[in-house]
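Laboratory data are not the source of any read-out in this text; all were calculated from the coordinates shown. Given the structure is predicted, the values throughout are model-derived calculations rather than measurements. A quick note on method: Cβ atoms are made from the backbone with ideal geometry, for glycine too, and the neighbour counts reach across all protein chains shown.
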Amino acid sequence: MPAWLRGAVETLIDGEAGSALAEASSRLTASYRDGKASALAVAAPIDAKAYLAARMPATFAAVSAALDEALRCCPGFQPRSLLDVGAGPGTASFAAAELLPGIESVTMLDHNAAFLALSRRIGGESPSEAIRAAAIERADIAMLGDGRHADLVIAAYAMVELRQDAAARFALSLWQACDGLLLIVEPGTPGGHRNLLEARRALLAAGAFIAAPCPGEGECPLEPPDWCHFSQRLARSRLHIRAKGASAPFEDEKFSYLAVSRRSPDRAGQRILAPPLETKAGLTLKLCTAAGVRLEMLPRRDKPRFKAARKLKWGERLDA
Ligand SMILES: C[S@@+](CC[C@H](N)C(=O)[O-])C[C@H]1O[C@@H](n2cnc3c(N)ncnc32)[C@H](O)[C@@H]1O
């Protein structure tokens, strides 16, 4: 997270006793792990603060990584307006404003009073005028009206909180509000992947172009128990370590995502679906291609290709 955001979060949390924050964080983690929605997991201001300390760094990192990949597939896309659906404390808006400083207007929607209050306070510290002036509205995102429009629409870790059969309907309501690019980020679990597959089918039928991560628009070639997900490593701050009672100075956030566009994107290349495996012989990449999933072995002796591929990470594209 950028320095201003870390600072704003630290200031908000400063007055809380370490033990209260750690207890609230472990309650929150357990609630999300049990599949509870934020309406139950984040009931009091201390729970929302625990979210800032324990979850926001990871969801910020995941949204930034997914949006970055989506934007690579949409060269020239310069959104001016952003709609953040299920905004929580504003995480996705803050991440988008870092990557897209041309955004001029931001709307955040959520129904959780504790989160809405925090997003207002944190956003007030942002260097982005659009974030400082954001419209922060209480709304039920399961019943998005069709009056809203934005160039960029993001729903981060929100679909997972709706009814199990709501993915397709929710995706279509997001698409209706979207004039440019729609990004949906979900937890990197089989359930998150399943939700995104439902959304993908509905969005393709509605005429959307897949921007990322898929290299094609055919049926997803992954067969259960495999599922499409990625991982973003993030450094843990002292506050993050304290809230989580953790010892490692970093964590790996697993996430799944789908980005769809109104315009035909640049989908050249093949998506790396797992951590590249380096051996004495060379580098093996698990690739999603328009023709299915395959393993590509790049021998060390093929120096230029090996050297270029070695810099690539899980989630990035291997150019054709
Ligand atoms: C896990 S949080 C994610 C917050 C933020 N997008 C992030 O990535 O950090 C899910 C958010 O969705 C919101 N949400 C879930 N169901 C909702 C509904 N029916 N209407 C409005 N907001 C909802 C919750 O209040 C919560 O803020």
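For the range 124-280, the convex hull spanned by the alpha carbon atoms encloses 195 Å³ per residue. With contributions of -39500 (n - 2.57) from each DSSP H run of at least four residues, the per-residue ellipticity at 222 nm computed over the chain stands at -11500 deg cm²/dmol. Using only the C-alpha atoms, the convex hull of the range 270-318 corresponds to 63 Å³ per residue.
Largest mean-square fluctuation among A308, A61, A43, in a Gaussian network model of the chain whose springs join Cα atoms under 10 Å apart, belongs to A308. Taking the Cα centre of the range 3-261 as reference, the dipole from Cβ charges on Lys and Arg (+1) and Asp and Glu (-1) amounts to some 520 debye. Considered as an equivalent ellipsoid built on the Cα gyration tensor, the chain has semi-axes of 31, 24, 18 Å, the largest given first. Just list whichever of K244/K311; K280/K303; K36/K313; K254/K303; K254/K286; K254/K280 have alpha carbons separated by over 23 Å in the model shown. Beyond 23 Å: K244/K311; K36/K313; K254/K303; K254/K280.
A compact globular protein would have a Cα radius of gyration near 2.2 N^0.38 Å; the ratio found for the range 1-51 is 1.19.
The fraction of Cα-Cα pairs per 5 angstrom bin, counted from 0 for the range 13-168, comes to 2, 9, 18, 22, 21, 15, 9, 4, 1, 0 percent, rounded to whole percents. Given R0 = 41 Å, the distance between the Cβ atoms of A135 and L312 translates into a calculated FRET efficiency of 0.55.
What is the helix-to-structure angle for 167-176, meaning the angle in degrees between its Cα long axis and the longest Cα principal axis of the chain, kept from 0 to 90 and rounded to the nearest 10? Long axis of 167-176 versus the principal axis of the chain: about 80 degrees.
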